[in-house]
Structures are given as C-alpha cells and as structure tokens.
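This report concerns only the one structure given below.
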Amino acid sequence: MNTLSLGFSPCPNDTFMFHDLVHDLVPVPDVSWRSEILDIEALNLAALESPPRLDVTKVSLPALAASIDDYAVLSTGAALGRNCGPLVVARSADEVAALSDLAGKTVAIPGANTTAFLLLRILGPSTIQPKEMRFDEIMPAVETGDVDAGLIIHESRFTYLSHDLREVADLGVLWESTTGLPLPLGVIAARRSLPDDLVAAIEAALGTSVASAFAHPDRSAAWVRQHAQELDPDVCRAHIALYVNEFSVDLGVEGRSAIEELLSRGRSVGLLRDGREPWR
C-alpha cells in the first residue's frame, strides 16, 4: 500500500470535490491518502519546496509555473470557469473607483503566488503596493482602513457587501473580455515522478469523486461546512455552484487552452518564468 500526500484547500469547492476520495468512497487501488487541508497560498508554498512536499495538490497558476518541472496538471478537479474571478474591493465611501486609481496604493492580496495576484499584476497599475494576508483577513483590513483596497477570492465574493465594501473591478470579467476564455484559478497537479499508471488511476478516481459529489450533494454537506470560512449553507452552496462545473469534471480543450493562455501571458510579460508545458 502506497501512502500519498494530498493537498487541497478548506474552501467548499475543494472539500465538496474531494470528500468521497478522502473518505475511501472512491478508492485508488493500493493507495491510502494523507490529506493536508491548507490555505491556497500555503499549498502554493508547499509546491515550491525542494523537493515538493505533496504528491497531489491544488495549486495556483503562478505556483504551477514555478514548479512546472516537478508537477503536471490533471484533467479533473480544477477551479476554472466564467463569472468566477477575483474581485478588487474598496470601502464604499472612498475614492477608489477603478483599477487605475490603485496606483501607489496599498492593496491586500491573498498571496504572491495566487492566480488572483497574477491577474492584478497583468491588469492593474504597476505601482500597486501589495500586502499579503490570509484571504479571510482581507475584507476586515479594507473595512477598517488598514489598506486602501483588497483582492478577494473564495467565499468573500458572496459576503463583501456585508462589510460595507463595493466592487472596484472583477478581474475575471476583464480576463474573459480580453481572451474569450474561462478563467483558470487553480488546478490539481501530480508529481511528474509518479508512475503514469498510478497518475491515471488517481485522475480517474478524482473524476469519479467529482461526479459522485454532484450526484450526492448532501453526503458531503456537513464536512464542507466543518472546513468552510463562511458557515451559512446558502453561501456554501453558492460557492460550490460557481466554482465546481464541467471544467472540474474534465478540463477539455477549452480548459486546457485557458491554462496555456494564462501561462503564456504571464511569461510574455516577465511575471512567470519560462518552462515546459503543464501536461504530462
């Protein structure tokens, strides 16, 4: 029996998709899992360790680019879609009305290796002053005026109005209007050193786990809420509905194209290092 490490975030989309896999309802022959449920930036940093700590992991696109020699993307389990991008938010009463107004201002970000920050660097002013913090600390920091604006992800998309904040820009909408492609926020990647047949079995099992989650959504509900930052069941359901979709079941041609396009754009402007393709 091989024990493999599996990293994913506590966000509802990940716990929803991985529930059946980690609870042995969708077994992989001769594999047992050691799960690490971590904030997305902690997962990114784990992928950047040498050697990388996790065998299979959720990872943002910038961290994937930096660890591309160690990891290859699986076709299932991704957070990728339309109308699901990170938002830039500010206090309702301040003067930040557009991305251009962020020049020279302090913006709270959920991590330097997140796809959200990569998009902000591509689409926003080059003089933004980023301040890293956990994603769940960003809205309170904006609300109290500790920072000028915030880059929010995950469940925060559904709750920022309750913090008396307003949307400055939807980076996903800007990406889609520029490229015509869905936005790849995060992917599931496996170590390239794992045998091909084992990776194929893991990929198939994860796809079955996602399909099973859709077929039996109530089975994972308590576990999803146990790990979620926002415990409201309606928020959890809305989060899952937004981030778990047909691309989570299989990237397909369009999903693969979106990942390749974001990597290409990041590399072309010097924000991501050059490297091999993200596929095995």
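It is to be established whether one or more residues within segment 210-217 are assigned to a loop (DSSP other than H, G, I, E, B), out of contact with any Phe, Trp or Tyr (no Cβ under 7 Å at 6 or more places or on another chain) and closer than 30 Å to TYR160 by Cβ.
We begin by selecting, within segment 210-217, every residue assigned to a loop (DSSP other than H, G, I, E, B); these are 216-217.
Now drop any that are not out of contact with any Phe, Trp or Tyr (no Cβ under 7 Å at 6 or more places or on another chain), which leaves 216-217.
Now narrow it down to the ones that are closer than 30 Å to TYR160 by Cβ: 217.
Yes - at least one qualifying residue is present in segment 210-217.
Being more than 27 Å from PHE117 (Cβ to Cβ) and not small (Gly, Ala, Ser) is the filter here, so list the residues in segment 181-209 that pass it.
Those that are more than 27 Å from PHE117 (Cβ to Cβ) and not small (Gly, Ala, Ser): LEU194, PRO195, ASP196, ASP197, LEU198, VAL199, ILE202, GLU203, THR208.
List pairs: first residue in segment 7-29 and on the phi < 0 side of the Ramachandran plot, second residue of a type in the set (Lys, Arg) and part of a strand (DSSP E or B) anywhere in the structure, Cβ distance under 8 angstrom, at least six positions apart or on different chains.
GLY7/LYS58; PHE8/LYS58; SER9/LYS58; ASP14/LYS58
From the list SER248, SER257, SER177, pick out the single residue that is without any contact (Cβ under 8 Å) to a residue 40 or more places away in the chain, of a type outside the set (D, E, K, R) and assigned to a helix (DSSP H, G or I). Step through it out loud before you land on a result.
Working: SER248 fails: without any contact (Cβ under 8 Å) to a residue 40 or more places away in the chain; SER257 fails: without any contact (Cβ under 8 Å) to a residue 40 or more places away in the chain.
Every option except SER177 fails the conditions.
Against the conditions (1) touching a strand residue (DSSP E or B) at 6+ places or on another chain (Cβ under 9 Å); (2) within 14 Å of MET17 (Cβ to Cβ); (3) surrounded by 19 or more Cβ atoms within 10 Å (Cβ to Cβ); (4) not basic (Lys, Arg), where does HIS227 fall short? Just the number, please.
(3)
Could you tell me which of the residues SER100, SER50 is without any contact (Cβ under 8 Å) to a residue 60 or more places away in the chain, hydroxyl-bearing (Ser, Thr, Tyr), part of a helix (DSSP H, G or I) and farther than 21 Å from SER220 by Cα?
Values: SER50 fails: part of a helix (DSSP H, G or I).
Checking each option against the conditions leaves just SER100.
Answer yes if at least one residue in segment 16-32 is surrounded by fewer than 23 Cβ atoms within 10 Å (Cβ to Cβ), within 21 Å of ARG134 (Cα to Cα), out of contact with any Ser or Thr (no Cβ under 7 Å at 6 or more places or on another chain) and of a type outside the set (A, V, I, L, M), and no otherwise.
no
Determine, yes or no, whether LEU242 is under 24 Å from LEU38 (Cα atoms), part of a loop (DSSP other than H, G, I, E, B) and among the hydrophobic types (A, V, I, L, M, F, W, C).
Numbers: under 24 Å from LEU38 (Cα atoms): yes; part of a loop (DSSP other than H, G, I, E, B): no; among the hydrophobic types (A, V, I, L, M, F, W, C): yes.
Spelling it out, it is not the case that LEU242 is under 24 Å from LEU38 (Cα atoms), part of a loop (DSSP other than H, G, I, E, B) and among the hydrophobic types (A, V, I, L, M, F, W, C).
For segment 194-209, which residues satisfy the criterion of being assigned to a loop (DSSP other than H, G, I, E, B) and either surrounded by 14 or more Cβ atoms within 10 Å (Cβ to Cβ) or touching a residue at least 24 places away in the same chain (Cβ under 8 Å) (or both)?
The first filter runs over segment 194-209 and keeps only residues assigned to a loop (DSSP other than H, G, I, E, B), leaving 194-195.
Within segment 194-209, LEU194 is the sole residue that qualifies.
Would you point out the residue of segment 103-123, among those that are buried (at least 24 other Cβ atoms within 10 Å of the Cβ), of a type in the set (Gly, Ala, Ser) and not in a helix (DSSP H, G or I), that is modelled with the lowest pLDDT?
The residue in question is GLY111.
Surrounded by fewer than 16 Cβ atoms within 10 Å (Cβ to Cβ), touching a helix residue (DSSP H, G or I) at 6+ places or on another chain (Cβ under 8 Å) and touching a residue at least 60 places away in the same chain (Cβ under 8 Å), is that true of VAL269? Please lay out each step first, then the result.
Values: surrounded by fewer than 16 Cβ atoms within 10 Å (Cβ to Cβ): yes; touching a helix residue (DSSP H, G or I) at 6+ places or on another chain (Cβ under 8 Å): yes; touching a residue at least 60 places away in the same chain (Cβ under 8 Å): yes.
So VAL269 passes the test.
Among residues belonging to segment 1-30 that are of a type in the set (Ser, Thr, Tyr) and outside any strand (DSSP E or B), point out the one that is nearest to PRO52 (Cα to Cα). Write out each step before concluding.
Taking segment 1-30 first, the residues of a type in the set (Ser, Thr, Tyr) are 3, 5, 9, 15.
Add one more test, that the residue is outside any strand (DSSP E or B), and what stays is 9, 15.
On the way: SER9: 17, THR15: 22 Å.
Here the answer is SER9.
Could you grab me the full set of residues in segment 124-136 that are charged (D, E, K, R) and at pLDDT below 95?
To start, the set of residues in segment 124-136 that are charged (D, E, K, R) comprises 131-132, 134, 136.
Once the filter is applied, which keeps residues that are charged (D, E, K, R) and at pLDDT below 95, segment 124-136 yields ARG134, ASP136.
For residues in segment 76-102 being of a type in the set (Gly, Ala, Ser) and surrounded by 20 or more Cβ atoms within 10 Å (Cβ to Cβ), which is nearest to SER5 (Cα to Cα)? Full working, then the answer.
Taking segment 76-102 and keeping what is of a type in the set (Gly, Ala, Ser), we get 77-79, 81, 85, 90, 92-93, 97-98, 100.
When the remaining residues are screened for being surrounded by 20 or more Cβ atoms within 10 Å (Cβ to Cβ), the result is 77-79, 81, 85, 90.
Values: GLY77: 16, ALA78: 18, ALA79: 20, GLY81: 27, GLY85: 28, ALA90: 38 Å.
Filtering segment 76-102 for residues that are of a type in the set (Gly, Ala, Ser) and surrounded by 20 or more Cβ atoms within 10 Å (Cβ to Cβ), the one nearest to SER5 (Cα to Cα) comes out as GLY77.
For residues that are hydrophobic (A, V, I, L, M, F, W, C) and either in the same structural domain as TYR243 (by TED's automatic domain parsing) or not in a helix (DSSP H, G or I) (or both), tally how many sit in segment 151-172. Break it down stepwise before answering.
Filtering segment 151-172 down to residues hydrophobic (A, V, I, L, M, F, W, C) leaves 151-153, 158, 161, 165, 168-169, 171.
Subset that is either in the same structural domain as TYR243 (by TED's automatic domain parsing) or not in a helix (DSSP H, G or I) (or both): 151-153, 165, 168-169.
Number of matching residues: 6.
The values are calculated or read from the model by the stated rules, or taken from the named source; none is laboratory data. Here the structure is a predicted model, which means the values were calculated and not measured. Note: ideal-geometry Cβ built from the backbone for every residue, glycine included; neighbour counts use all protein chains shown.
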